[in-house]
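Laboratory data are not the source of any read-out in this text; all were calculated from the coordinates shown. Please read all numbers here as calculations on a predicted model, not as lab measurements. Using ideal geometry, Cβ is built from the backbone for each residue, glycine included, and neighbour counts are taken over all protein chains shown.
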Amino acid sequence: MDENKLIHAARHGDIDAFNRLVLAYQDTAYTVAYRIIGEPDAAADATQEAFISAYYKLDQFQGDRFKSWLLRIVTNACYDELRRRQRRPAASLDGLENVTFRPDPDLNPVPESPEQHAQRRELNRAIQDCLDALPDDQRVVAVLVDVEDYAYQEIVAITGLPLGTVKSRLSRARARMRDCLRAVRELLPSEYRLMDE
Amino acid sequence: MTGNTLPDRDLELLSAYIDGELDDRDRVDFERRLAGDAPLRDALAELRATVALVRELPRLKAPRSFALDPAVHKRRAPWWKRLFATGTVLQLSGALGAAASVVLIVAALLLNAPGTEEERALPPTPESQPTQVGFAPEPTGPPDTELRLRATATQAMPTASPPPVADMALEEDDGMAAFGGEVAGDAAGSAPPAAEMPPPPGTIETFDAAPAEPLAAGQSQPASEGATQETAANSAASEAEEAAPLFQEEQAEQPAPAPTTIIAMPTGTATPAEPSLKGTLAPSATAPDVAPDEATARDIADADEMQAQDEESDYRWLAALGIVLLPASLALFVFGRRKARRA
């Protein structure tokens, strides 16, 4: 059954049809949530809340870009989670000067040699920590463009921001990421060293 | 130049250039700059490496299924079923119905309020009823005009002076006012004053009603038929002139005739002649003669009242509808509210 039929059936109360949509998009939704929030449990909670919210707001969905509409709900759920964390900080967000590498949650085990696996884990951890160090609004745009590979206009649709704001936030986020990764370049594998090294 | 010292504008250009989001003209301009600006090229390379690193991040698998539990999240009914299930529609309908009921009742009260029309403000006074001229023809003008004429005629009766009524006729209908003035003048001039020849009590007016009735019939037509009406009116006026002596003769010859007199007073066009005729005939209108006039006047008043009542009753159904609708709407609203609470 194609996506439109599943959406139509879900709108008419077919929760099984909606759950098929959930299964189709839950990896994407969770990836975005994890890259924005930076913690697996909080990302899972935000993802679940986003799907529940989407289920009850399905009547509001207009158009044919269900994925963009869903990711907008996911990013809003992430903002809510980040605001909760700011009110009750469970863990401090390290600045650029104090980037620490937390243990990899091993979310996506890839069959590779132990050395390669360790190297990749370290790299991913460094990048994620640099992402976590970004301001929230810049991180959301950077994740959607550089992690999910969305075009600018799709970012406009997802976030509701003006195109100029998307461009400026993205350029500032990339500049910060560049500076962050430059600061920890000695930890990166040689093939990932930056150009100015 | 390093990436740290690049202005924000160049950073945006670099970022958009990497993503292929520059339009053709900006892209060409930027590439021209890149060709002659080595630090800008270094900054571009560094930013590209950063973006490539971030894009190396793996796609994650969800740690668990986020499918919704049907037991927890009930099967979603269609929106229209949900609206009824939660009582929203019932509450909304009830509220709208109650509001509409109030509007209906208020509108009906306003429309039925007394004193909204001029004729309701001019009820026939008891003293004027006997002196009102009893004429049967259908009114040719608007009701208020007719009433005004009637009131003026009533005021003019005691003095039996034609000028005020002639003036009124001028106001109402210029074409017929000329005729009225003539008739009034002629009739007033030819007919003896009431004080000069008081008829004996009990005298019945046998004033030639036969010629007057066709006149009334003719003058009850629209004013556009001026020529025909004028001819008929002139003949009526001449008949009236002839009737005065005849009337005097009959008074002498027939002391007690049967009360069969009809005073023909066509509405509107013959109104100017009214005072003169009254001036001639009113003194003889003793008790037996006044009775038919009163009856006719009462008939007219009754007809007016019935018409007014009919107009009022036209809006009473609105109030009745609102009164019926209001409790039903309130019941619907309460029912919907209870249903919403249960939901």
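Modelled label positions at B:T5 and B:V89, each set 7 Å beyond Cα in the direction of Cβ, lie 7.1 nm from each other.
Residue by residue through A:31-38, how many Cβ atoms from other chains fall within 10 Å of the Cβ on average?
Working: counts 6, 1, 2, 4, 3, 0, 0, 0.
For peptide A:31-38, the averaged partner shielding equals 2.
For B:R41, A:R139, which order do you get if you count the other beta carbons within 10 Å of each Cβ and list the fewest first? The partial results should precede the final answer.
Numbers: B:R41 15, A:R139 24.
The most exposed by this proxy come first: B:R41, A:R139.
With both labels modelled 7 Å from their Cα along Cα-to-Cβ, the B:R64 to B:E294 distance reads 10.2 nm. Checked against a 22 Å cut-off, the cross-linked pairs A:K57/A:K167; A:K5/B:K339; A:K5/B:K61; A:K5/A:K57; A:K57/B:K74 give Cα-Cα distances beyond that limit for A:K57/A:K167; A:K5/B:K339; A:K5/B:K61.
In terms of the Cα gyration tensor, with a ≥ b ≥ c the square roots of its eigenvalues, is the stretch B:7-66 rounded because a/c is under 1.5, prolate because a/b exceeds b/c, or oblate? Judged from the Cα gyration tensor, the stretch B:7-66 comes out prolate (a/c at least 1.5, a/b above b/c).
Summarising the label geometry, the points placed 7 Å from Cα in the beta-carbon direction at A:L23 and A:D64 lie 2.6 nm from one another.
Starting with the fewest neighbours, write out B:K74, B:K61 ranked by other beta-carbon atoms found within 10 Å of each beta-carbon.
Going from sparsest to densest Cβ surroundings: B:K74, B:K61.
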